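The values are calculated or read from the model by the stated rules, or taken from the named source; none is laboratory data. All values derive from a computational prediction rather than experimental measurement. No Cβ is skipped: glycine too gets one built from the backbone with ideal geometry, and neighbour counts run over all protein chains shown. These area figures cover heavy atoms from the full protein model, side chains too; ligands, DNA and RNA do not enter into them. Shrake-Rupley method; radii C 1.70, N 1.55, O 1.52, S 1.80 Å.
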Amino acid sequence: TAMLVKGHLGAAWKDNLFDILMTRIDLAAPHKKAYAALPSAIARHPRVVPEFAKVFLATMDNMLKLSKAPAGNFRPAVVAAFSVLYISLIDTFLKDDTPDHAKTMAALDKRLELFERFSDFNGCGKN
């Protein structure tokens, strides 16, 4: 994702995060069945959860850093909140049958508004 978006990112972290996430959605679209199968695969193989979580949270942190999202002294809380945002988009993404992912984009926009408020509330939302 980073290689695809790095040259297109600006100063506004929320816009950057939107672009990063929509790029990931575009890349994931051909693999919706694999995303849908993930919960049952993890349920069948619970021993993979610690490693999956480690990689997942590192990916969330990397996306936040790439977007230039502020985190201040609250980085673990910001990464956790962003992770919840990301996970909450998966169901919308899986059910989105629009060719341009319009439903997912609308849901992402709303969630980023909430995430921005969370960041502001924690004193880390200002650039």
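If a spin label sat at a point 7 angstrom from the Cα of Ser88 along the line to its beta carbon, the backbone N atoms of region 95-119 nearer than 13 Å would be those of 107-119.
Net charge within 14 Å of Met60 by Cβ-Cβ distance, Lys/Arg positive one each and Asp/Glu negative one each, not counting Met60 itself?
Numbers: positive: Arg24, Lys54, Lys65, Arg75, Arg111; negative: Asp61.
Taking every other residue near Met60 into account, the sum is +4.
The mean accessible area for residues of the chain, using a 1.4 Å probe and ignoring ligands and nucleic acids, is 61 Å² per residue.
For Ile42, what charge total do you get from the other residues with a beta carbon under 14 Å from its beta carbon, if Lys and Arg give +1 and Asp and Glu give -1? The partial results should precede the final answer.
Values: positive: Arg44, Arg47, Lys54; negative: Glu51.
Spelling it out: positives minus negatives among the neighbours equals +2.
Give me the percent of accessible area attributable to carbon and sulfur for region 1-108, probe 1.4 angstrom. Intermediate values should be presented prior to the final figure.
On the way: 4190 of 6360 Å².
Taking all protein chains in place, region 1-108 shows 66 percent carbon and sulfur surface.
Less than 17 Å apart at the alpha-carbon level, and either on another chain or at least 8 residues along: which aspartates and glutamates does that give for Lys32? Answer for Lys32, where 17 Å is the Cα cut-off: Asp91, Asp96, Asp97, Asp100, listed by chain and number. Under 16 Å from a label point set 7 Å out along the Cα-to-Cβ vector of Ala34, the amide N atoms of region 47-87 belong to 52, 56. This model, with +1 at the C-beta of Lys and Arg and -1 at the C-beta of Asp and Glu, gives region 1-78 a dipole about its Cα centre of some 200 debye.
Residues in region 78-88 carry Karplus couplings, in order, of 5, 5, 5, 4, 5, 4, 5, 4, 4, 4, 5 Hz; the curve used is 6.51 cos²θ - 1.76 cosθ + 1.60 with θ = phi - 60°, and Gly or Pro positions show x.
Tally Lys and Arg at +1 and Asp and Glu at -1 over the other residues with C-beta under 11 Å from the C-beta of Ala102: what net charge comes out? Provide the component values of the computation, followed by the final result.
Values: positive: Lys103; negative: Asp96, Asp97, Asp100, Asp109.
Local charge sum for Ala102: -3.
Each residue of region 27-37 was assigned a 3J(HN,Hα) from its phi angle through the Karplus expression (A = 6.51, B = -1.76, C = 1.60, θ = phi - 60°), giving 5, 7, 3, x, 10, 4, 4, 5, 5, 5, 7 Hz with x at Gly and Pro.
Estimated from helical segments only, the mean residue ellipticity of the chain at 222 nm is -24000 deg cm²/dmol, where each DSSP H run of four or more residues counts as -39500 (n - 2.57).
Ranking Val55, Ala29, Phe118 by Cα position along the charge dipole of the chain, where only Lys, Arg, Asp and Glu carry charges on their C-beta atoms, puts Val55 farthest toward the positive end.
Pairs spanning more than 23 Å between alpha-carbon atoms, out of Lys54/Lys110; Lys33/Lys95; Lys14/Lys65; Lys33/Lys110: Lys54/Lys110; Lys33/Lys110. Phi angles across region 13-20 convert, under the Karplus curve 6.51 cos²θ - 1.76 cosθ + 1.60 with θ = phi - 60°, into 3J(HN,Hα) values of 4, 5, 5, 4, 5, 4, 4, 4 Hz, Gly and Pro given as x. Between Ile90, Ile25, Ile42, the residue with the greatest mean-square fluctuation in the GNM of the chain (Cα pairs under 10 Å linked by springs) is Ile42. Here's the picture: charge each Lys and Arg Cβ at +1 and each Asp and Glu Cβ at -1 in the chain, and of His45, Leu4, Ala102 the one pushed furthest to the positive end of that dipole is His45. Name the residue, out of Asp19, Asp61, Asp100, whose mean-square fluctuation peaks in a Gaussian network model built on the chain with Cα pairs under 10 Å. Among Asp19, Asp61, Asp100, the largest GNM mean-square fluctuation belongs to Asp100. Spin-label pair Lys110-Ala77: with each label point 7 Å from Cα along the Cα-Cβ axis, the two points sit 2.5 nm from one another.
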